[in-house]
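Student: The structure is given below, and queries will be raised subsequently.
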Amino acid sequence: MRKIVSVFLIALSLFSCSSAESDVISGFVYDGSIDVTLTNSDGSDLLNPKTPNAYKQDQIKILYLVEGKLIQKANGTDYPRNFLLYEQDGRTVMRVFLNSSADEKYPETYIQWNESQTDILKIEFNRTNNSITKKTIWLNDLLKTDINPYLKIVK
C-alpha cells in the first residue's frame, strides 16, 4: 500500500510541475473610460441636480465620431447612454465610456451637455495583444496631463 501511495505522489508531482510559459498571467486590460467633473468658475458642481443651472442628466449625450459621422451607440456596457454619474469626495463624477475604435488613430468622444454646449475628448490609445489603455488625452484640442483622480472641466 505504501508503494502505491509513493508512486501516486511521485506521479502527481511530475504532472504538477509547470513550465515558465504557464506562469504567465493572461487576460485583457481595457481602459476605455474616463472620470470627469464639471464645475463653473465659482467651483459649483454642474453635474449635481441640486446645483442651480446644473446640466440635466437626461439631456447629456455621448457621441462617437466614426468614419466622419457623429453617432450615438451603446458600447456594450450596462450604460446604454455611455456614461454614469456617481458621488465621490462630495462631488458628482461622470464616468464616460470612450470611443476606442481601432479604425481611428485618435478616436473622438463628444460630450454634448445640452443643445448648445459640447466638449470633445480625443484619445490616443496604447494597443497590445492583451490591452487597450489611454496614452494621451486632449480636451477640445488641449493636451491634458492632470486627470487623476478625474479630468476637471470648468465652464
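FYI, it's all coordinate maths here, none of it is from the lab. Just so you know, these numbers come straight off a predicted model, no measurement behind them. Positions of Cβ are generated from backbone atoms using ideal geometry, with glycine treated the same way; all protein chains shown enter the neighbour counts.
Student: Rounded to whole Hz and in sequence order, give me ³J(HN,Hα) for region 143-152 from the Karplus expression 6.51 cos²θ - 1.76 cosθ + 1.60, θ = phi - 60°, writing x for Gly and Pro.
Tutor: In residue order, the calculated couplings are 4, 10, 10, 9, 10, 9, x, 7, 6, 9 Hz.
Student: Can you compute 3J(HN,Hα) from phi for each residue in region 112-125, using the Karplus curve 6.51 cos²θ - 1.76 cosθ + 1.60 with θ = phi - 60°, rounded to whole Hz and x for Gly and Pro?
Tutor: Result, rounded to whole Hz: 8, 6, 7, 5, 10, 10, 9, 10, 10, 9, 10, 10, 9, 9.
Student: In straight Cα distance, which aspartates and glutamates are under 15 Å from residue 73, not counting same-chain residues fewer than 8 positions off?
Tutor: Once the sequence-local aspartates and glutamates are set aside, what remains near residue 73 is 108.
Student: Loop only per DSSP, at most 12 neighbouring Cβ atoms within 10 Å: give me the trypsin sites (Lys or Arg not before Pro) in region 44-88, ordered by residue number.
Tutor: Hits after loop and neighbour filter: 50, 56, 73.
Student: Using 0.36 nm times the number of residues separating residue 132 and residue 26, minus their current alpha carbon distance, what extension gain do you get?
Tutor: 36.7 nm
Student: Still on this structure: Considering amide H positions built from the backbone, and no H for Pro or chain starts, which residues 5 or more places from residue 38, or on another chain, come under 5 Å of its amide H?
Tutor: Correct list: 46, 47, 153.
Student: Let me see the P(r) profile for region 91-138: every Cα-Cα distance counted, bins of 10 Å, each bin given as a percent of all pairs.
Tutor: 23, 48, 23, 5
Student: Over the Cα atoms of region 53-155, each weighted equally, I'd like the Debye log10 I(q)/I(0) at q = 0.17 Å⁻¹, rounded to two decimals.
Tutor: -0.86
Student: What are the ³J(HN,Hα) couplings of region 42-54, residue after residue, when phi is run through the Karplus curve with 6.51, -1.76, 1.60 and θ = phi - 60°? Round to Hz, x for glycine and proline.
Tutor: Result, rounded to whole Hz: 7, x, 6, 6, 7, 9, 7, x, 7, 7, x, 6, 5.
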